[in-house]
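See structure below.
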Amino acid sequence: MSRKKLLEVKNLKQYFKIDKKTTVKAVDDVTFDIFEGETFGLVGESGSGKSTTGRAVIRLYHPTAGEITFDGRDISGKLNAEGKKFVTKNMQMIFQDPMASLNPRMTVMDIIAEGLDIYGMCKDKEDRTQRVYKLLKTVGLNEQHASRYPHEFSGGQRQRIGIARALAVEPKFIICDEPISALDVSIQAQVVNLLKKLQKDFNYTYLFIAHDLSMVKYISDRIGVMHCGQLVELGSADELYEYPLHPYTKSLLSAIPLPDPDYERDRVRIRYDMNMHDYSKEQPRWIEIKEDHFILASESEEVKYREEIEKIEELKKIKSEIKI
Ligand SMILES: Nc1ncnc2c1ncn2[C@@H]1O[C@H](COP(=O)(O)OP(=O)(O)OP(=O)(O)O)[C@@H](O)[C@H]1O
Ligand SMILES: [Mg+2]
């Protein structure tokens, strides 16, 4: 199957100059592609640079260095009015805290229709109303909700409004920045299922940002693991689960609880310490260690990781033989 790259990010750097002496390297040389119609998960602890990556891609910042190509078009440089429109219309964002991202003084109708108005997408007022009604239905709300204000809704409903607003301008690419972290666990699955259903129906491409792997593992096709502004490992969800190589990925995986008492009793949380890498003599590079599986590794780490892959493969072989 040939997959179309919708987004290509190459050596992206996003630095923030705090004062004369201090520069925060929020994103430091990150490379990844996102294919059309897939969910690309980005995980990592707080402050690792996930949101900054998303915000740089959507061009809320001017990247310090690197290339961003979206739908075959370079969007990393200075954008003119038409370029800005291309980016904002085709790339939308859904935020963690729907209350903070929805204007409390606007009705749901006006919140959802804002993008439609900006891009002149409605024929007339009736068309505008009908489009908003349809969007409300798409996200599991109804026409009566249109005249209400954000504070009249529950957290899950507000997130649905945020999703409807993002969908209104018919984007190709949606960045979901921790869209469920602020919601009750019981509501989280509903919102995730809605996002997945929308993807199936409309072939959306998602960048899904989260702290931990628990939900991301189930909804992502591929996952990038971020640490301190860098990607440390990238692969399909199954690949990372079966062949986790980087110690930070292993630590994230070991943090996922499972509803299995036996597993839970024996589950050991692996702690990650950056000092376990000795990069004083050899610099780490971003390499393809296995097909479609990338890792940040020095030369000696690469050797070690290749040995680990062989071991996992041997173990798999033994397991399959036992089954027979
Ligand atoms: N506008 C900014 N100016 C200065 N520093 C910033 C700015 N935005 C982010 N940072 C810094 O960049 C680093 C990465 O922040 P970012 O918000 O991308 O992390 P994150 O992975 O999204 O974290 P979280 O999981 O907490 O949302 C942090 O050290 C943060 O303080
Ligand atoms: Mg963030």
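Here's the yes/no breakdown for (1) touching a Leu at 6+ places or on another chain (Cβ under 8 Å); (2) within 30 Å of Met274 (Cα to Cα); (3) without any contact (Cβ under 8 Å) to a residue 12 or more places away in the chain:
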site: Ala164; (1), (2), (3): yes, no, no
site: Asp177; (1), (2), (3): no, yes, no
site: Ile180; (1), (2), (3): no, yes, no
site: Val185; (1), (2), (3): no, no, yes
site: Val191; (1), (2), (3): yes, no, no
site: Gly224; (1), (2), (3): yes, yes, no
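Name, by its number, the condition in (1) surrounded by 19 or more Cβ atoms within 10 Å (Cβ to Cβ); (2) within 16 Å of ligand 1 (Cβ to nearest atom) that does not hold for Met91.
(2)
Which is farther than 30 Å from His145 by Cα, among the hydrophobic types (A, V, I, L, M, F, W, C) and buried (at least 17 other Cβ atoms within 10 Å of the Cβ), of Ile68, Ile18?
Ile68
Here is a yes/no grid of residues against (1) aliphatic (A, V, I, L, M); (2) within 15 Å of ligand 1 (Cβ to nearest atom); (3) under 15 Å from Tyr204 (Cα atoms); (4) assigned to a loop (DSSP other than H, G, I, E, B):
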| residue | (1), (2), (3), (4) |
| --- | --- |
| Lys10 | no, no, no, no |
| Tyr15 | no, yes, no, no |
| Lys21 | no, yes, no, yes |
| Ala26 | yes, yes, no, no |
| Ile34 | yes, no, yes, no |
| Gly37 | no, no, yes, yes |
| Leu42 | yes, yes, no, no |
| Glu45 | no, yes, no, yes |
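Condition check ((1) at pLDDT below 95; (2) within 14 Å of Lys50 (Cβ to Cβ); (3) of a type in the set (Phe, Trp, Tyr); (4) more than 16 Å from ligand 2 (Cβ to nearest atom)) across all residues:
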| position | (1), (2), (3), (4) |
| --- | --- |
| Lys217 | yes, no, no, yes |
| Gly235 | no, no, no, yes |
| Glu239 | no, no, no, yes |
| His246 | no, no, no, yes |
| Leu258 | yes, no, no, yes |
| Tyr263 | yes, no, yes, yes |
| Arg269 | yes, no, no, yes |
| Asp278 | yes, no, no, yes |
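Go through segment 71-88 residue by residue and tally those that are of a type in the set (S, T, N, Q) and crowded, with 17+ Cβ neighbours inside 10 Å.
The qualifying residues number 2.
Name the single residue, out of those in segment 211-226 being within 16 Å of ligand 1 (Cβ to nearest atom) and in a helix (DSSP H, G or I), that is nearest to the chain's Cα centre (by Cα).
Looking at the filtered set, the residue picked out is Val216.
The values are calculated or read from the model by the stated rules, or taken from the named source; none is laboratory data. What you see is a predicted model, and the numbers here were worked out from it, not measured in a lab. Glycine also receives a Cβ, built like all others from the backbone with ideal geometry; neighbour counts cover every protein chain displayed.
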